[in-house]
1. State which residue pairs qualify: first residue among the acidic types (Asp, Glu) and inside segment 232-254, second residue open to solvent by 90 Å² or more (accessible area, probe 1.4 Å) and at pLDDT 90 or above in any location, beta carbons under 8 Å apart, and separation of 6 or more residues or different chains.
2. Of all residues in segment 238-275, count the ones that are out of contact with any helix residue (DSSP H, G or I) (no Cβ under 8 Å at 6 or more places or on another chain) and either open to solvent by less than 60 Å² (accessible area, probe 1.4 Å) or β-branched (Val, Ile, Thr) (or both).
3. Given the criteria more than 15 Å from Ile125 (Cβ to Cβ), open to solvent by less than 40 Å² (accessible area, probe 1.4 Å) and of a type in the set (A, V, I, L, M), does Val47 qualify?
4. Mind checking which residues of segment 177-203 are closer than 23 Å to Gly38 by Cβ and modelled with pLDDT under 90?
5. Of the residues in segment 237-275, how many are within 22 Å of the chain's Cα centre (by Cα), modelled with pLDDT of 90 or more and in a loop (DSSP other than H, G, I, E, B)?
6. Identify, from the list Thr293, Thr222, Thr207, the residue that is farther than 21 Å from Pro157 by Cα, of a type in the set (S, T, N, Q), touching a residue at least 24 places away in the same chain (Cβ under 8 Å) and touching a helix residue (DSSP H, G or I) at 6+ places or on another chain (Cβ under 8 Å).
7. Regarding segment 56-64, can at least one residue be identified that is in contact with a helix residue (DSSP H, G or I) (Cβ under 8 Å, 6 or more places away or on another chain) and assigned to a loop (DSSP other than H, G, I, E, B)?
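The values are calculated or read from the model by the stated rules, or taken from the named source; none is laboratory data. Quick caveat, the model's predicted, so the values are computed rather than measured. Cβ coordinates were reconstructed from backbone atoms using ideal geometry, including for glycine residues, and neighbour counts include every protein chain displayed. Quick note on the areas: whole protein, heavy atoms, side chains included, nothing else; ligands and nucleic acids left out. Shrake-Rupley method; radii C 1.70, N 1.55, O 1.52, S 1.80 Å.
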Amino acid sequence: FALLLLRDAAGVAGIIGAASNNATGISGVAGGGKGGQGGVRLMILRVGTNGSITVDAEVAALDYAVQNGAKVINMSFGGVTGGPPEANAITRAWNGGAIILAAAGNYPAGNPGGIDLPAGFPEVIAVGATTIFASRSVFPTTAIVPETLADYSKKGPQMGVTAPGTHIITLFGTEGYTIDPDTQFRGTSAATPIVSGFAALLASYFTADNNASLRSRIEASTIDLGPAGFDESYGHGRIDMAKAFRSAPPPPPPALEGDANADGVVNNADVNELSSRYGKRTGDSGFTAAADTNTDGVIDELDIFAIGLNFGKSAT
């Protein structure tokens, strides 16, 4: 899940969740497989315009998002602090289980004291922007230049991670997408959804992780472009998505519905298993999660129905 609180809705949404492998436009970081299958679901909540963002709208959107299941919150905006109402809403969202990412800010706009708020709150990962990747050239004749912190990206002790934020190709309104360098997305607001998409990928793979664990994975999955260790320009470093998955164990296979005795195959043994536990409810002696094949908390005829639907199937 991703929540977008933003002004450039199409641009940010495209970076996170544009459908992949459909021969159209761009691919989002968490755009899913062929034609976008399995991609992130977007909850887009408007909190203002290019001219202003209201704290009341931001607070209402944060509360709404968490109450309706948002797991990743992208905030591609920032400025001076919204005071206790904003800080308290951020804390509620974090305590509600969401991982929160926000733009660190672009000089000279926003917070004159350093990194913008809400990025500067301790529960939020502040995202700075780098220039283009140094490892790839646009054309064979294009010179490869070192990747550095973008000159517009703010710095400070609250910096979390950085991501490319310059010449980002994404969606813009009715144009669909653009390869014109003058209209490509630029800024920490463009870098933030790249990290938010990364967070969504991590959440879909490491399904047992909470928001604190996901944050730690993001901070550890970086390349150090500045001084060794944490620094106020790059934070923990520029994200390296592949690093998070190189040594990761594969996720467990999905449960085989109807496998009441958890032996990897649906057959007569499952009917016998379910019959011996028929009528048991969660908390009862003899209740097992495997026999509750439809996970409704009671072992009954609906579970027998699941065995019938999947009879003969195996986990392999």
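1. The qualifying pairs are Glu232/Lys155.
2. Total meeting the criteria: 8.
3. Numbers: more than 15 Å from Ile125 (Cβ to Cβ): yes; open to solvent by less than 40 Å² (accessible area, probe 1.4 Å): yes; of a type in the set (A, V, I, L, M): yes.
Criteria met by Val47.
4. The answer is Tyr177, and nothing else.
5. Qualifying residue count for the region: 2.
6. Working: Thr222 fails: farther than 21 Å from Pro157 by Cα; Thr207 fails: touching a helix residue (DSSP H, G or I) at 6+ places or on another chain (Cβ under 8 Å).
Answer to the selection: Thr293.
7. no
Each row is one residue, and each column tells you yes or no for (1) at negative phi; (2) assigned to a helix (DSSP H, G or I); (3) open to solvent by 30 Å² or more (accessible area, probe 1.4 Å).
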position: Ile15; (1), (2), (3): yes, yes, no
position: Gly36; (1), (2), (3): no, no, no
position: Gly39; (1), (2), (3): yes, no, no
position: Val66; (1), (2), (3): yes, yes, yes
position: Asn74; (1), (2), (3): yes, no, no
position: Ala87; (1), (2), (3): yes, yes, no
position: Ile90; (1), (2), (3): yes, yes, no
